[in-house]
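Q: The structure that follows is given in the form of structure tokens.
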2 protein chains.
Amino acid sequence: SVNPDLASERQTASFSVEKLTAWLDGGAEHTRLRRAVVKAIECDPVFSRENQYFQSQNERYEAAVRKAVHLQKKMHEMGWSENGPEFKYIYRAVSGDIAFLLHRIFMRSISVLGSDKQIAKWIPLASQYRVIGSYAQTELGHGTYLQGLETTAVFDIATQEFILNTPKISAMKWWPGDMGRSATHTVAFAQLYVHGKCYGVHPFIVQIRSLQDHSLCPGVTAGDIGPKMNYEHIDNGYLMLQNVRIPRENMLNKFCEVQPDGTYVRRGSQKINYFTMTTVRISLISDEVVIPLMKACTIAIRYSVVRRQSKLKPGEQEAKILDYQTQQEKLLPQLAAAYAFHFINSFLQELFDRGYREIQRKNFDMLPELHALSSGFKAMVTQYSTSGVEICLRACGGHGYSSLSGLPSLYTKILASCIYEGENTILFLQTARFLIKSFMAASTGQPVPPSVTYLAAVKPGKCPAKNELDFLRPDIYTEAYQHTAVRLISSTAAKLQDLIQSGVKKHNAWNQCTVQLVQAAKAHCHYISVKNFAETVEKLETKAGIQKIMKHLCDLFALHGIFSNAGVFLYDGYISGAQMDMVTAAYLDLLAIIRKDAVPLVDAFDFTDKSLNSALGSYDGQVYQRLYEWAQKSPTNKQMSPAYEKYLKPLLHNTLSKL
Amino acid sequence: SVNPDLASERQTASFSVEKLTAWLDGGAEHTRLRRAVVKAIECDPVFSRENQYFQSQNERYEAAVRKAVHLQKKMHEMGWSENGPEFKYIYRAVSGDIAFLLHRIFMRSISVLGSDKQIAKWIPLASQYRVIGSYAQTELGHGTYLQGLETTAVFDIATQEFILNTPKISAMKWWPGDMGRSATHTVAFAQLYVHGKCYGVHPFIVQIRSLQDHSLCPGVTAGDIGPKMNYEHIDNGYLMLQNVRIPRENMLNKFCEVQPDGTYVRRGSQKINYFTMTTVRISLISDEVVIPLMKACTIAIRYSVVRRQSKLKPGEQEAKILDYQTQQEKLLPQLAAAYAFHFINSFLQELFDRGYREIQRKNFDMLPELHALSSGFKAMVTQYSTSGVEICLRACGGHGYSSLSGLPSLYTKILASCIYEGENTILFLQTARFLIKSFMAASTGQPVPPSVTYLAAVKPGKCPAKNELDFLRPDIYTEAYQHTAVRLISSTAAKLQDLIQSGVKKHNAWNQCTVQLVQAAKAHCHYISVKNFAETVEKLETKAGIQKIMKHLCDLFALHGIFSNAGVFLYDGYISGAQMDMVTAAYLDLLAIIRKDAVPLVDAFDFTDKSLNSALGSYDGQVYQRLYEWAQKSPTNKQMSPAYEKYLKPLLHNTLSKL
């Protein structure tokens, strides 16, 4: 039975939830396929996450391995393939809570960096799990700066082997998933030395554990790096190598090779590799960031119409907390952002598919732009969404703080996305470098990539909005974002040039501008997100009910951004104080409008109760009952604690040795 | 041996760390006492937190009980008393990781709400731990709105007993600490009914577990609420009561009593109780919020001078990450805030001591102001500091994400402070209500409390700063904060009145202003924090070295606030765009100045390695060595996982039933 406070929210939806779901999925066919996959996974007790919040790190790891092994069987049974359309739905259904994700990266790196011969040897072994792989790049002392890696691989002509070493503690590999306890092999990155000369970082396949009994190979020290904020199911590991010898053939050599006599040969273009790195940043946006944000919104919004607290009107029943303006202001912008980022993800996917086709035709022109977009959006979407999940958690008060709400684990997991695959500040600065270059080019009339042509059209001026309604016009607010992005980029470019002209060294000048460069990169990404949302809504013209509510969300996303970053819009008077009042009024009015459809809007994400795994977010909204039932299953409830006999009883019975 | 990259930071301190420490402690005497207490605790292996990050919830609970019991003995040995000057240092030394904290609240509530007879009966029992108490107020369905509590206590004249009941699931007590597994008694809040008439919420002492064998008493259902984001060491519990009878004498009856014939008598003033609530909000600021923020700053800043990554200047050694402007911009404002909040805490403590003396003279005039200040500052300081700890965590990248950095547990714990003892949004709105009232009074010439007299002096105008240096003048920036606070309060008051005059019902009008009311309350607290910091620096005149660096921190705290909330300062042109450029320049310059003293500034907080419990933050800065040593102690490293025999071996040996 559905909680009546939740049921009533669904009766007044202004649009068809099922149609919106199908549209978000990219068509009803996809929805059907997704539901079939999710059902098959969720019916299988091996994949249950029911006890997840009660398990230790060891138990989580064991369950993840069990699931990964079982999944192989399941996929075979169901006729699903790794590269088939089902895989993303499988990943969604298991919520990423599975082992051997790095084994996949191990295989991908061999496929991309290995010769045909290497691929022919290793990929079948890995596909059949005759070896389990990992990917060992990051070291204790080295993360973002790859050139600084300290692991060495010295070529020994006499034996035709590479000798791998961890010369000091900071060179120890640290963090690689699947490596702490599972992997038999890894792709390790090391500085290649031949005849005493360093050729920079290269990838090597290294066996680390026996295929017979899983013991560590001679010279190998490896283990688990211990507890983390989340990812308890992953055996992130460390690895030290002492004179570990591997055959010459184990250096991945599609692009460079050490020949038997020690000659170093470089061949072909490595550019495709950088492209691989950028696609990983894009692919994580949906699975690791947007879906968790959507889940957090679902949980917090359903809870907020079931939770009643305090009275809005004296004498009446206590009010649903979503009826308080402050609660709307916390949650609804996050909901709008979840939609915005779903759409930006589609935009990026299309762009990258196009980029991939070009690159296959050996046309690398799009690379700088794709790199800038993947860096900037990875950083922007992870940062915004992490903060969004935290807001959802806090908005649920004490119950949000309970692990049983599902929100703490969503938060502690999504937080990592701000760090992995490129730390966000570093990524924003990469985008900024591209923007500054493009701005310089544009201002001297040179051609620039499509996403930055707007930089050429520097128009000082004022926002033409005359009233609150004008701020619901996408052209008005998109233009405001564009203006702001141009201003921040151009003013930082000017500061940079001034510093250099005044004699500051280039690298110091750059460092002195980085706070503002990050701001500029954010403004650029924010502008493109707003523009893309508005264009997505425009294209929806045939679906009137959906278009209307999407338009509201787009307006909210845009106006929330102006309201919360008022300074950059007011700074040069592009938006006046009086206009900011209009923005505020329009923004607050939108909250009340969207509030009415808040539950249908999260229902459309179509998460099952099992995938939410939340006592607050279930479809039926029976929050208190579920919290109580769940608490009773906790191991802290299963027995009288030994603390009673050992400490409490002597204390209470005053039989402790006299105080 | 101290890491040379850290040692070099200490050689160039512009001030005496020891003198700053003594000043922060309130005198060298206090420093000596604190160090003696900390040493006594840390030398005792029972209080060790060494394995904390590896323990399960059950283990954490057991350890906390063990420590609490042992502490009784220790205090007796050392001659420390609960009310002595040592207690705050004990709490700091154990980092709050101890049981029976709610037992203390149990005792306090009896002392405050109980009659002399009740105090004479219960306090000795509780002091000797012949009973263990808890405090059961919050229910599954009721947190902030106390009047909505659903537990009932019906007076039965025939037996002279109260009959307590949990009429429905939402009425179940939920969250009380020490209740899930430890407590024998609790103070339960329930709606009092006599002769069918409800007299509102009252406190009752209820026994919940047997003093003989700790089994639950008849009619009592209780247990642990399960896993949470942190506080694993606390047995937060649930409690259901079914016709549980307690004697009439168990209603705490200092202020109201049910006489044997059922007559309800109210006596004396309850105002002192509200004052108790507000003092709790103040007392948590130091222990639960400022100290954790200081710890996070210490960890992140020490790490940032030891961690080298990437090159600032081509051809040079990799740079300390604290030399990057973006890293400074993350960490140094948090450091400035830690100092600002330490000073605001002193300010509030003094104010409350004064308030307490007045109240004892039956002068309750200060109550509304004290309530507003305690609410607003609890909310502001917890919110700001929680965000500060998160920034510190993220600023340490992957190593910050490891539990071994200590940052994840600092973050997940401090986050709760935004929720408990009054959810922050609710608290800001209480402050806002006081501000609106005071503004109305001030604008009609009535007297207002000291902290809001500035509301009477509404001066439209412009900021007089002419150059960057002017923005290092406390009068200039304090005035800017004051102007902004007045503007936000007055404009929201005007909106509220407009709405009401246009026919909107009062409660609806209030709700429609709440987003802006929260902004106004924040601005008020921010203004007072800046003003208080500036005044604290001014009073330091005899300590020149310290005054200089404190002045820099004060400037940074103030300018960071303007830089990050530029919109509210630019909105009405009080600060112009050109002036905002000066603010930005002054702000960024300050980062580079304070960076030089960053390590001495965190050293002055004087945390021991044991109290930081962080692989990144130790005094010697041997980060990588410690991470590695610590990881090896993890239970995930202690044995071959059973997952190998069960899943990995059959997979690798291809002996799984055929796929």
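Q: Would you calculate, for chain A, the mean residue ellipticity at 222 nm contributed by helices, counting each DSSP H stretch of 4 or more residues as -39,500 (n - 2.57) and dividing by all residues, to the nearest 500?
A: -17000 deg cm²/dmol
Q: May I ask you to list the trypsin sites (Lys or Arg not before Pro) in the stretch A:86-116 that are in a DSSP loop and have at most 16 other Cβ atoms within 10 Å of their Cβ?
A: Listed in order of number, the matching sites amount to none.
Q: Using a 10 Å cut-off around each Cβ of peptide B:317-327, what is the average number of partner chain Cβ atoms that fall inside?
A: Across B:317-327, the average partner-chain Cβ count within 10 Å equals 3.
Q: At a Cα cut-off below 28 Å, give the lysines reachable from B:Lys168, other chains included and same-chain residues fewer than 8 away excluded.
A: Cα-Cα hits under 28 Å: A:Lys311, A:Lys313, A:Lys320, A:Lys610, A:Lys633, A:Lys638, B:Lys197, B:Lys228.
Q: With the dipole of the stretch B:130-267 worked out from charges on the C-beta (+1 for Lys and Arg, -1 for Asp and Glu) around the Cα centre, which of B:Trp175, B:Val206, B:Gly196 lies farthest toward the positive end?
A: Positive-end residue among those listed: B:Gly196.
Q: Something else now. Across 10 Å bins from the origin, how do the percents of Cα pairs in the stretch B:6-142 run, short distances first?
A: Pair shares across the bins are 10, 30, 30, 21, 7, 3, 0.
Q: So what is the relative contact order of the stretch B:455-553, in percent, for Cα pairs below 8 Å that sit 6 or more residues apart?
A: 27
Q: Loop only per DSSP, at most 16 neighbouring Cβ atoms within 10 Å: give me the trypsin sites (Lys or Arg not before Pro) in the stretch A:566-659, ordered by residue number.
A: When the trypsin sites (Lys or Arg not before Pro) of the stretch A:566-659 are filtered for loop state and at most 16 Cβ neighbours within 10 Å, A:Lys596, A:Lys633, A:Lys638, A:Lys658 remain.
Q: Which listed residue (A:Ile549, A:Tyr619, A:Leu407) has the Cα farthest towards the positive end of the charge dipole for chain A, taking +1 on Lys and Arg C-beta and -1 on Asp and Glu C-beta about the Cα centre?
A: A:Leu407
Q: How far apart, in nm, are two points set 7 Å out from the Cα along the Cα-to-Cβ line at A:Tyr356 and at B:Asn654?
A: Spacing of the two 7 Å Cα→Cβ label points: 3.1 nm.
Q: Shifting gears a bit: Out of the trypsin sites (Lys or Arg not before Pro) in the stretch A:378-483, which ones are loop residues according to DSSP with at most 14 other C-beta atoms within 10 Å?
A: Answer by residue number: A:Lys462, A:Lys466.
Q: Debye calculation, C-alpha points only, no solvent: report log10 I(q)/I(0) for the stretch B:130-267 at q = 0.15, 0.17, 0.21 Å⁻¹, in the same order as the q values.
A: -0.69, -0.88, -1.27
Q: Additional query: Kindly give Rg over Rh for the stretch B:501-659, based on alpha-carbon atoms, with the Kirkwood expression for the hydrodynamic radius.
A: 1.26
Q: Report the charge-dipole magnitude of chain A in Debye, nearest 20, computed about the Cα centre from +1 at each Lys and Arg Cβ and -1 at each Asp and Glu Cβ.
A: 620
Q: Continuing with this model, one more query. Considering only lysines 8 or more places apart in sequence, or on different chains, count the pairs in the stretch A:1-91 whose C-alpha atoms sit under 19 Å apart.
A: Summing the qualifying lysine pairs gives 7.
Q: Relative to the compact-globule scaling 2.2 N^0.38 Å, provide the ratio for the alpha-carbon radius of gyration of the stretch A:302-450.
A: 1.44
Q: Computed over the Cα atoms of the protein assembly as shown, what is the convex hull's projected area averaged over all directions, in nm²?
A: Computing the convex hull of the Cα atoms and averaging its projections yields 50.5 nm².
Q: Okay, moving on. In debye, nearest 20: dipole of the stretch B:130-267 around its Cα centre with unit charges on the Cβ of K, R (+) and D, E (-)?
A: Charge dipole, the stretch B:130-267, about its Cα centre: 240 debye, nearest 20.
Q: Provide Rg over Rh for the stretch A:436-533; use the alpha carbon set for both Rg and the Kirkwood Rh (inverse mean inverse pair distance).
A: Dividing the radius of gyration by the Kirkwood radius yields 1.04.
Q: Taking chain B on its own, what percent of its Cα-Cα pair distances exceed 45 Å?
A: Percent of Cα pairs beyond 45 Å in chain B: 28.
Q: Mean separation of Cα pairs under 8 Å and 6+ residues apart, divided by the residue count of the stretch B:130-267: what relative contact order is that in percent?
A: 27
Q: Report the one residue of B:Ser81, B:Leu20, B:Leu71 whose Cα lies farthest in the direction of the positive end of the charge dipole of the stretch B:1-88 (charges on C-beta: Lys and Arg +1, Asp and Glu -1; origin at the Cα centre).
A: B:Ser81
Q: Please work out the C-alpha center-to-center distance from the stretch A:466-487 to the stretch B:613-659 and express it in whole Å.
A: 53
Q: For the stretch A:271-632, just list the percent of Cα-Cα distances falling in each 10 Å bin from zero outward, please.
A: Spelled out bin by bin, the stretch A:271-632 gives 5, 22, 31, 25, 12, 4, 1, 0 percent.
Q: Determine the relative contact order of chain B: mean sequence separation of Cα pairs under 8 Å and six or more apart, normalised by residue count, in whole percent.
A: Relative contact order, chain B: 15 percent.
Q: Label point 7 Å out from A:Ala441 along Cα-to-Cβ: which residues of the stretch A:353-394 have amide N under 11 Å?
A: A:365-370
Q: What is the distance in Å between the Cα centres of the stretch A:199-250 and the stretch B:69-113?
A: Using only Cα atoms, the two centres lie 48 Å from each other.
Q: Related question: Treating the beta-carbon of each Lys and Arg as +1 and of each Asp and Glu as -1, no other charges, what is the dipole magnitude of the protein assembly as shown about its Cα centre, to the nearest 20 debye?
A: Dipole size: approximately 480 debye.
Q: Rounded to the nearest 5, what % of DSSP beta bridges with both residues in the stretch B:153-235 are antiparallel?
A: Approximately 90 percent, going by the DSSP bridge assignments.
Q: A follow-up question, please. Whole number please: convex hull volume per residue of the Cα set in the stretch A:571-659, in Å³?
A: About 278 Å³ per residue, rounded to a whole number.
Here, each number is a calculation from the coordinates, and none is a lab measurement. On a predicted model such as this, the values are computed, not experimentally measured, just so you know. Glycine gets a Cβ as well: all are built from the backbone with ideal geometry, and neighbour counts include every protein chain shown.
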